[in-house]
Amino acid sequence: MSTPDVRIAVEDPATDDVVALLSEHLADMHATSPAESVHALDVRALRAPHVTFLAARDHAGALLGVGALAVLGPDHGEIKSMRTTPAARGRGVAAAVLARIVDLGRARGLARLSLETGTQDFFAPAHRLYERHGLVACGPFGSYTPDPHSRFYTLALADA
């Protein structure tokens, strides 16, 4: 999905401006949640073959946000590393990245996308975004276990 002022494309997460945004993301996750409840991926993990990393940029190439799709199995994917720059917040960038991830999941024949996020007030905007786009609360999936600091969501792609 792209709008006239936002281009979303597959990118290497090791790009300098992306590394800076991911570092901010990881720092916020560690400042907000106990270490054992932080499941954000670092650049190395985001370069794994089963992960497709996306960056949203404006017409001048400035980074606006990022997100990733990690394939968990033949029919299940996980939304990872959703983050927008402070300047891009409230402009629909996260919604556009999320829509692109959903489109990628469908194109790969996945039946379901799921995600893990935090439970603290810091994560309330993310909760609203996911719920507004049809994701519903669910239990732990994949290798996750119940955790009072984690909230899980899922989206059946046939319904989305």
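What follows draws every value from the coordinates through simple rules; no lab data is involved. Nothing here was measured: the structure is a model prediction, and the numbers come from that model. Note: ideal-geometry Cβ built from the backbone for every residue, glycine included; neighbour counts use all protein chains shown.
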Among the helices of the chain (complete DSSP H runs), which have Cα atoms covering no less than 20 Å along the helix axis and a Kyte-Doolittle mean of at least 0.5? 93-107
Roughly speaking, what is the stretch gain from GLU36 to VAL19, that is 0.36 nm per residue apart minus the C-alpha to C-alpha distance, in nm to one decimal? 3.9 nm
Would you work out if the range 68-152 is rounded, prolate or oblate? Take a ≥ b ≥ c from the square roots of the eigenvalues of the alpha-carbon gyration tensor; rounded if a/c is under 1.5, else prolate when a/b is larger than b/c, oblate otherwise. oblate
Over 29 Å, how big is the tail of the calculated P(r) for the chain, in percent of all Cα pairs? 10
Write down the Kirkwood hydrodynamic radius of the range 6-75, to one decimal in angstroms, obtained as one divided by the mean of 1/r over all alpha carbon pairs. 13.0
Fluctuation leader among VAL66, VAL18, VAL136 - the chain, Gaussian network, Cα springs under 10 angstrom: VAL136
For the pair ALA9 and ALA124, how long in nm is the line joining their label points, each one 7 Å along Cα→Cβ? 3.8
Stretch PHE141-ASP28 to full length: gain in nm at 0.36 nm per residue minus the Cα-Cα span? 38.3 nm
Could you tell me how far the Cα centroid of the range 28-75 sits from the Cα centroid of the range 137-158, in Å? 17
So which trypsin sites (Lys or Arg not before Pro) in the range 66-110 end up in coil per DSSP with only 14 or fewer other C-beta atoms within 10 Å? ARG89, ARG108
